[in-house]
Amino acid sequence: MTFRASFAIVLALLVPSAALAGPISVTGTWSATTSTVPTGNGSEALELLPFWAGASWDGQRKGIRYLLEEYGDLTGLEYLHDGAGNYTSFLFDDEIINTTKIGGITAWTNGVFGRRADGAFTYNSGTGRVSNSFDSGQQYALFRIVQAEYTQYFLGIEDILLSEPLNDRDYNDYIVAFQTPTPVPEPGTMLLLGSGIAALVARRKVAVRKVRAAATV
């Protein structure tokens, strides 16, 4: 194995991946929003685009994509899914997450948004429709932008249960934004990384000496 290949393996094993940034405790996959996303309910009458593209009963430019664009720069925006582009459940480990409501379009009362002790987000539409991001993750669309010091999240909620036939899956009914610190390598991880690199450098020097010794014989 070459020195470069060994060095690459060490980095891959020891440096935390940006894909893991954030305190989400349920396994999921982050993908760029240009990738495949969960689609609407397939009704020919509605001709719904994926929720990211923006069609909605509330209007052609009322899906969460367009509402987030109004919020600001979305460079590097990713969405959370199960690895196949479908919805996934999630919890947040952070005890303190300060959310800010940045939008909400609904025929109801904008509902009541909250968070359980285990880290699941909750939503009560006020019409008998209650959900949370762990047991009914399909009601929630989670996005993020990973920065060096913090990760910006956007959470869009669908107020009508997906088990009901009349559902537009636009995730614009209640939208919040919040931030969490972006994880950095722990001292122990950095020490291990340094030790691994030092070992590779030492092996490299030994190999060079052997080649030179053989050349002088």
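Check the stretch 141-151 and report whether any residue there is under 18 Å from Thr109 (Cα atoms), acidic (Asp, Glu) and in contact (Cβ under 8 Å) with a residue 12 or more places away in the chain. No, the conditions are met nowhere in the stretch 141-151. When restricted to residues that are closer than 15 Å to Leu91 by Cβ and outside any strand (DSSP E or B), the stretch 128-137 contains 5. Here Asn167 meets each of (1) more than 16 Å from Thr100 (Cα to Cα); (2) under 18 Å from the mean Cα position of the chain (by Cα) with one exception, condition (2). Of the residues Ala148, Ala117, the single one that is more than 16 Å from Ile24 (Cα to Cα) and either of a type outside the set (Ser, Thr, Tyr) or part of a strand (DSSP E or B) (or both) is Ala148.
Put simply, of Ile175, Ile197, Ile157, Ile145 the only residue that is of a type in the set (A, V, I, L, M), modelled with pLDDT of 90 or more and either farther than 21 Å from Gly76 by Cβ or in contact with a His (Cβ under 8 Å, 6 or more places away or on another chain) (or both) is Ile157. So, in the stretch 78-95, exactly how many residues are touching a helix residue (DSSP H, G or I) at 6+ places or on another chain (Cβ under 7 Å) and either at pLDDT 85 or above or not in a loop (DSSP other than H, G, I, E, B) (or both)? The qualifying residues number 3.
The values are calculated or read from the model by the stated rules, or taken from the named source; none is laboratory data. Owing to the predicted nature of the structure, the values given are computational and were not obtained by experimental measurement. Cβ: placed from backbone, ideal geometry, glycine included. Neighbour counts: every protein chain shown.
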